[in-house]
Amino acid sequence: MSVQTPFRALSRRAPAVQCLHPRSQRWQHQRSMVTVVPPVTQDSTSSKGPTAMVFMNMGGPSTTDEVGNFLSRLFADGDLIPLGPLQSYLGPLISRRRTPKIIKQYADIGGGSPIRKWSEYQAEEMCKILDKTNPETAPHKPYVAFRYADPLTEEMYAKLLEDGFGKGKGGRAVAFTQYPQYSCSTTGSSLNELWKWRQRMESPSRNPSLTPAEAEGSIQWSVIDRWPTHPGLVNAFAENIEAKLQTYPEEVRDKVVLLYSAHSLPMSVVNRGDPYPAEVAATVWAVQQRLGFRNPYRLCWQSQVGPSAWLGAQTSDTVKNLVQKGQKDLVLVPIAFTSDHIETLFEIDQEVIHEANELGAEGRVRRAESLNGSPTFIKGLADLASAHLKSGELCSKQMGLRCPACKNEKCLQSKKFFSGQDKPDNEAFIM
């Protein structure tokens, strides 16, 4: 099946055999005997609803008590922090050593990360808009799936089943990445995790307790896997930058340097062909274009961990070097984050800006607000989701293309599933 095959082709109710995606020979033999239960419907005005809108993100500990588990999961993920064959040994060791320091950092920003609060708010507000703009797929039900913190992917999936999706009832779910720029370390890792739990909970080859009807009436997934230059995202960033520039005297306003800061990647990930650096740069260019290129700018990278080579220049070094050269008017823009979390509230606000002031910046190094509850941003999310729901597409065309040097079998299988390419005769698309 082509990646452009409309989603509606996957969810027709008749004839029943057109809905089938058997994963084993046993189910191919049985499928003619299976009666597919119609998709869950909770609104008589909705012909295709309800629709689960699942926001995927890294997440963060909501309290300091959750920091240890958060770090354990984070350093265990070779997609995000590749530590080689010693991952199972080095990951727990690094996480234990870093836990006391990170607990203090979360305490300094109020006792926990606000990312869950903002993610749930954004998802709920977006769904309210979608219920009005896309009544045919209503009601739109918001869910959050974090990679390293509660609610974890498996918790979200269990909630979907509990709410009436899957288990023979069908239904549609959209995995909506909240990393606007795609990386195998972020969106890729989250989709790998989602695929893993989908297999465990809804695949007959992994879950033999499923009845034939439950296996055939599984959740139908599609993916919004990247959106680096979407107008809603670009306009929301531009509005926050313009608001911060207004805090500078008019005579220096156009001379303020904009420093776009994104989470860095290990060079080992970059060199295998990860698209993230190019997509972050695309976002920066689009925002600068929206601003009319009135200010000089640079793209820099933050949050390097460990001694290995990471993508640079580092944000902290860039600010330090500019201030020491006399360029004190700087606005930091968290260009790869859709809400506040420790990288903005602690790393930028309490480390980078504090160090700049110690070097004599005199309070002239500032940060643009994060997107958080921006109405422009939330409307942009709704516009993007609305277009996706109406398009019938499973994912972007880029989704099926692996990194040129990728050797991750889990990534291969995940891409096959979400791009609809998990039939033997379609394997050639996954490069």
Determine, yes or no, whether Ser316 is among the hydroxyl-bearing types (Ser, Thr, Tyr), without any contact (Cβ under 8 Å) to a residue 60 or more places away in the chain and farther than 25 Å from Ser189 by Cα. yes
Inter-residue pairs, beta-carbon under 6 Å, first within 12 Å of Ser374 (Cα to Cα) and in the range 214-238, second polar (S, T, N, Q) and assigned to a helix (DSSP H, G or I), 6+ apart: Asn235/Thr376; Ala236/Thr376
Criterion: surrounded by fewer than 18 Cβ atoms within 10 Å (Cβ to Cβ) and in contact (Cβ under 8 Å) with a residue 60 or more places away in the chain - qualifying residue of Ser308, Ser268, Ser303, Ser261: Ser268
Among (1) of a type outside the set (Lys, Arg); (2) more than 28 Å from Gly110 (Cβ to Cβ); (3) within 27 Å of the chain's Cα centre (by Cα); (4) not in a strand (DSSP E or B) - the single one Asp254 does not satisfy: (3)
Criterion first (in the same structural domain as Leu191 (by TED's automatic domain parsing), crowded, with 23+ Cβ neighbours inside 10 Å and farther than 19 Å from Ile219 by Cβ) does Tyr148 satisfy it? yes
Among residues of the range 257-275 being on the phi < 0 side of the Ramachandran plot and part of a loop (DSSP other than H, G, I, E, B), the residue farthest from the chain's Cα centre (by Cα) is Arg272
Flag for Ile115 being more than 16 Å from the chain's Cα centre (by Cα), touching a residue at least 12 places away in the same chain (Cβ under 8 Å) and under 21 Å from Glu66 (Cα atoms): no
Tabulated pairs, the range 62-87, first within 20 Å of Asp150 (Cβ to Cβ), second among the basic types (Lys, Arg), C-beta under 7 angstrom, 6+ apart or interchain: Ser62/Arg116; Leu71/Arg98
When every residue in the range 328-362 that is outside any helix (DSSP H, G or I) and without any contact (Cβ under 8 Å) to a residue 60 or more places away in the chain is compared, the one nearest to Arg294 (Cα to Cα) is Lys328
Residues of the range 82-123 being of a type in the set (Ser, Thr, Tyr) and either over 21 Å from Ser189 (Cα atoms) or touching a His at 6+ places or on another chain (Cβ under 6 Å) (or both), in sequence order, are Thr99, Tyr106, Ser113, Tyr121
Checking the condition among the hydrophobic types (A, V, I, L, M, F, W, C), within 19 Å of the chain's Cα centre (by Cα) and assigned by TED's automatic domain parsing to the domain that holds Asn271, which residue from Ile348, Ile335 passes? Ile335
Looking at the range 231-258, which of its residues are farther than 18 Å from Thr376 by Cα and either buried (at least 23 other Cβ atoms within 10 Å of the Cβ) or of a type in the set (Val, Ile, Thr) (or both)? Thr247, Val252, Val256, Val257, Leu258
Considering only residues that are of a type in the set (Val, Ile, Thr) and over 22 Å from Ala52 (Cα atoms), look in the range 180-230 and name the one that is surrounded by the fewest Cβ atoms within 10 Å (Cβ to Cβ). Thr211
If we keep just the residues of the range 78-89 that are under 26 Å from the mean Cα position of the chain (by Cα) and either in a helix (DSSP H, G or I) or not β-branched (Val, Ile, Thr) (or both), which is surrounded by the most Cβ atoms within 10 Å (Cβ to Cβ)? Leu80
Given the conditions (1) surrounded by fewer than 19 Cβ atoms within 10 Å (Cβ to Cβ); (2) assigned by TED's automatic domain parsing to the domain that holds Ser119, every one holds for Asn321 apart from (2)
Is one or more of the residues making up the range 277-300 hydroxyl-bearing (Ser, Thr, Tyr) and either not assigned by TED's automatic domain parsing to the domain that holds Ala238 or not in a helix (DSSP H, G or I) (or both)? yes
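The values are calculated or read from the model by the stated rules, or taken from the named source; none is laboratory data. Just so we're clear, the structure is a prediction, and the values are computed from it rather than from any experiment. Ideal geometry is used to build each Cβ from the backbone, glycine not excepted, and the neighbour counts take in all protein chains shown.
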